[in-house]
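First the structure, in the form of structure tokens, and then the observations on it.
Only the coordinates and a few stated rules stand behind these numbers; no lab work does. The structure presented is a predicted model; accordingly, all values stated were derived computationally and were not measured. When we count neighbours, we look across all protein chains shown, and the Cβ atoms used for this are built from the backbone with ideal geometry, even at glycine.
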């Protein structure tokens with residue numbers, strides 16, 4: 001038998017291991033840290049790859065998503081295994097620090113930089129009593145994909161997996177996150193007041209020519225939909241999987257994920273495309289995709305001079321990389337830049353968004369325009385009230 005990740009021959013006898021034949025210990029389908037108990041057949045993953053991916057991939061499963069943090073970060077212990085007094089004290093201190101971190105992260109997100117440049121900062125929202133994380137996290141995406149790979153590998157050979165899912169294996173196995181925008185996921189969160197605990201599992205899959213192309217992974221805090229090929233998980237496939245789950249026989253298991261209307265409400269998360277300033281020097285008139293939350297240029301521009309008005313220096317809007325002021329703009333608006341270095345001015349410009357002045361609102365008169373989202377491809381219908389700078 002060969003290891004799925006490195007291709008080395010494996011042995012289950014530790015004393016028989018050599019430089020070319022690696023010892024294979026037990027690889028959990030879902031990590032023990034998230035209460036996974038079932039393991040792959042011993043020999044399918046060598047102990048070196050098991051440890052490497054456990055440290056650099058699996059660890060992100062309970063760190064890259066708000067719901068997973070709430071579910072699993074109360075303790076670093078593995079359920080059913082003893083924990084010492086020293087580690088228990090460390091866990092309590094870490095938990096207090098994490099709670100403070102979550103409370104402060106929204107404010108830090110506004111002050112650190114543009115929204116596309118900030119990694120792993122959560123839109124800390126509560127919708128229908130649920131903690132809703134609308135931020136795509138590339139590390140979490142990789143960790144989910146590894147769980148999906150393991151769930152399918154449990155019933156398949158190494159050769160079949162390598163021939164069928166080479167791109168998925170490559171993304172999980174590589175040391176960086178290059179290409180992460182090709183691996184979106186969707187999430188349906190459980191109710192915050194219905195906290196339960198059970199072993200994660202793969203509860204559904206969508207197949208094409210008898211080959212799974214997407215799977216549904218059930219955790220106590222969320223159902224995650226994961227595509228097995230780059231960019232195959234689009235909004236249409238998410239809706240198909242959603243209907244399949246709603247009509248499945250697992251209604252009792254999914255009960256605490258349903259909304260008041262008995263629906264499973266999935267959020268589609270895909271890495272955002274950074275903005276490009278208008279080459280003419282005008283401001284982009286922007287709108288946001290309701291499916292993937294991507295900021296989109298509407299196709300209309302607004303001249304700078306028409307929206308620059310005197311200001312008291314207060315800028316309340318979040319910044320992004322599609323539009324930004326110049327130093328001359330700030331001077332025109334009466335912002336006092338005396339004593340500020342070039343670096344501080346640049347930093348200030350990166351932190352602030354474009355003010356929505358009364359003059360701007362009077363210039364826009366858009367009704368039911370339609371365009372395709374530059375990120376997920378879904379249609380966006382927008383009017384003036386949906387636009388911003």
Please give the peptides 261-273, 286-298, 6-18 ranked by average Cβ packing (other Cβ atoms within 10 Å per residue), highest first, as a rough proxy for protection. 286-298, 261-273, 6-18
Spin-label point model (7 Å from Cα, Cβ direction): what's the residue 340 to residue 276 distance in nm? 2.9 nm
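Could you calculate the FRET efficiency of residue 177 with residue 331 from 1/(1 + (r/R0)^6), where r is the beta carbon distance between them and R0 is 41 Å, rounded to 0.05? Walk me through the intermediate numbers first.
On the way: r = 40 Å, r/R0 = 0.97.
For R0 = 41 Å, the calculated efficiency reads 0.55.
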Output row, site residue 381, 7 Å Cα→C-beta label point, backbone N cut-off 15 Å, window segment 200-244, residues none
Quick check: Cα centre of segment 33-56 to Cα centre of segment 295-358, how many Å? 50 Å
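Ranked highest first by the average count of other Cβ atoms within 10 Å around their residues, in what order do 39-52, 348-361 fall? Mind dumping the intermediate values first?
On the way: 39-52: 18.8, 348-361: 16.1.
Those peptides, ordered most packed to least, come out 39-52, 348-361.
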What Rg and what Dmax come out for segment 216-335 when only alpha-carbon atoms are used, in angstroms? 21.4, 64
Three principal axis lengths of segment 283-386 [C-alpha, angstrom, descending]: 47, 27, 19
Calculate the FRET efficiency for residue 305 and residue 365 from the Cβ-Cβ distance with a Förster distance of 22 Å, rounded to the nearest 0.05. 0.70
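Ranked highest first by average number of other Cβ atoms within 10 Å, how do 140-153, 157-170 line up?
Those peptides, ordered most packed to least, come out 140-153, 157-170.
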